[in-house]
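The structure appears right after this line, and notes come after that.
Read the figures in this text as sums done on the coordinates, not as results from a lab. What you see is a predicted model, and the numbers here were worked out from it, not measured in a lab. Here the Cβ positions follow ideal geometry from the backbone for every residue, glycine too, while neighbour counts run over all protein chains shown.
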Amino acid sequence: MGIEVVVEGLTKSFGKQNIWQDVSLTLPAGEVSVMLGPSGTGKTVFLKSIIGLLKPEQGRVLINGVDMVNSSERDIMETRKLFGLMFQDGALFGSMSLFDNIAFPLREHTRKKESEIRRTVMERIDIVGLLGAEGKLPGEISGGMRKRAGLARALVLDPQIILCDEPDSGLDPVRTAYLSQLLIDLNAQIDATMLIVTHNLDIAATVPDNMGMLFCRNLVTFGPREVLLTSDTPVVSQFLAGRREGPIGMSEEKDAATLAAEQQLSDSLGGARTVAAPRTVVPQLEPSPGLPVRQGALRRRERVMAMMGQLPEAARTAILNSYAPAAGGARA
Ligand SMILES: Nc1ncnc2c1ncn2[C@@H]1O[C@H](COP(=O)(O)OP(=O)(O)O)[C@@H](O)[C@H]1O
Ligand SMILES: [Mg+2]
C-alpha cells in the first residue's frame, strides 16, 4: 500500500517573496488528496518541495523516515524513486512514440530487458486506456490522450506516491470527467498515496478523500473532503462556488477597500449575494465495475470516523450521509 507523507511547518520563499508559510498536513497512506488554490498560490512549488526539488527554508517532509528537505541528497534521491509525477503539460518528448515516451524512465533508471520493458509499458498503457495508440507521436493525439500517456509514464516505476499537477489543464469537461474516473480506478488498482493539485471544481467535488486549499501564503485547511465542501470559510466557499464575491480577487487577494465596498453592496441587497446556499456534497466516485474496492477508502472510513468529534457539524452530517447504507458509499 501507499506511504504516508507528513509535512510539518513548511515555509518557502524566493528571495523576499514568501510563497507560503507553516504548512502542515499528512497525506494518509493510499488515500487520494486534492490541493486547491488560485493560480500563483504556490501549488507547483509545494509539489516540488515534497519531492525535494525545491528546498523550503523551514519545516520537514517526512517519507519513510527520510526528510525530503534536510536529509542527505543520497537519501532524497533514493526516496524520490517512490514517486510518480504527472506534470501539467504531460512533458512528453515530441519526437518519440507514446511507447518510447512511457518506456523512457525504465530505460533510463533500470536495467530491465527490452521484453520486460515491453510488458510493463503495455500494462500501463492498458490501465490508462491507450491500447492501440502506443505507436503514435504526442502531436498526433488529443490533449486528453497526452495526459493519459503522461500518467502511464508516471506509473512505470511502480510508484507508491503519485503527484499530479493540474491533470485537467486544457481538457474539456467530458475529458476531465474521464480523467477523474481514471484517477479513482488507478487508486483502486495500485493503492498508491495520491496528491492532485488542481483548481477544477468537478475534480474537487468528486475525486478526493481529503482536500486542502492554499490561499494568501497559508494552508487554509486540510482534512476530509466534506470539511471543505461544506465550509463557510469565505475563501473556501467562494472558490468552490466559483463566485466573484469574496476575498479572492483578480490577482489573488482583494484589498480591504474593495472588500468593504462589496460587503456594503451585499448588505444593501439583504446579504442575498454572499450568503451561500447550503451546499450538497455529491457522492465521491467509485471504482469502475470489476475493479477492487479501494483499500484507501476503507482505511479512510475508519480514520474519519475516529475524528468525527473534531469536525464541524456540517461536515459530520455529510460524512454520516455518505456512509449511510442507502448512499453511494455502500459498497465499502
Ligand atoms: N524557481 C522559482 N524562482 C522564483 N520564483 C518562483 C520559482 N518557482 C515559482 N516561483 C514563484 O512562486 C509563485 C508560485 O508559483 P506556482 O507554484 O507555480 O503557483 P501555482 O502552481 O499555484 O499556480 C509564483 O509567484 C512564481 O512566480
Ligand atoms: Mg502550477
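Figures for the structure shown
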{"read-out": "Convex hull volume per residue for the chain, taking Cα atoms only, in Å³", "value": "152 Å³"}
{"read-out": "Helical contribution to [θ] at 222 nm, DSSP H n ≥ 4, -39,500 (n - 2.57), averaged over the chain, rounded to 500", "value": "-11500 deg cm²/dmol"}
{"read-out": "3J(HN,Hα) from dihedral phi, the range 188-205, Karplus parametrisation 6.51/-1.76/1.60, rounded to Hz, x for glycine, proline", "value": "5, 7, 10, 6, 7, 6, 10, 10, 10, 9, 7, 10, 7, 6, 5, 4, 4, 7"}
{"read-out": "For the range 5-22, Karplus couplings with θ = phi - 60° (6.51, -1.76, 1.60), whole Hz, Gly/Pro x", "value": "10, 10, 10, 10, x, 7, 10, 9, 10, 10, x, 8, 8, 6, 8, 7, 9, 6"}
{"read-out": "Hz values of 3J(HN,Hα) by residue in the range 292-303 - Karplus curve (6.51, -1.76, 1.60), Gly and Pro given as x", "value": "x, 4, 6, 4, x, 5, 5, 5, 4, 4, 4, 5"}
{"read-out": "Gaussian network model of the chain, Cα within-10 Å springs - most flexible of 44, 26, 110", "value": "110"}
{"read-out": "Candidates 236, 45, 207, ranked by Gaussian network fluctuation over the chain, Cα under 10 Å, top entry", "value": "45"}
{"read-out": "Stokes-Einstein translational diffusion, the range 109-219 - Kirkwood Rh over all Cα pairs, 1.567 mPa s, 4 °C, in µm²/s", "value": "85 µm²/s"}
{"read-out": "Dipole of the chain, positive end: most advanced residue of 211, 177, 308 [Cβ charges, Cα centre]", "value": "177"}
{"read-out": "Residues of the range 91-115 with amide N under 13 Å of the 7 Å Cα→Cβ point at residue 137", "value": "93-98"}
{"read-out": "Residue 55 versus residue 169: modelled label distance in nm, points set 7 Å from Cα along the beta carbon direction", "value": "2.6 nm"}
{"read-out": "Most mobile of 280, 317, 120 in a GNM of the chain (Cα contacts under 10 Å)", "value": "280"}
{"read-out": "Residues whose placed amide H lies under 5 Å from that of residue 86, excluding near-sequence neighbours", "value": "163, 164, 165"}
{"read-out": "Per-q log10 I(q)/I(0), the range 54-102, q = 0.14, 0.15, 0.21, 0.22 Å⁻¹ (Debye; single scatterer per alpha-carbon; no solvent)", "value": "-0.53, -0.58, -0.79, -0.82"}
{"read-out": "Leading residue at positive end of dipole, the range 1-158 (Cβ point charges), from 50, 62, 26", "value": "50"}
{"read-out": "Residues whose placed amide H lies under 5 Å from that of residue 156, excluding near-sequence neighbours", "value": "none"}
{"read-out": "Chain lengthening between residue 305 and residue 291 when straightened (0.36 nm per residue, less Cα-Cα)", "value": "2.5 nm"}
{"read-out": "Out-of-range pairs (alpha-carbon distance over 30 Å; input 81/113; 43/112; 43/113; 16/48)", "value": "43/112; 43/113"}
{"read-out": "Lysines with Cα under 21 Å of residue 136, excluding same-chain neighbours fewer than 8 positions away", "value": "147"}
{"read-out": "Rounded to the nearest 20 debye, dipole of the chain from Cβ charges on Lys, Arg, Asp, Glu", "value": "460 debye"}
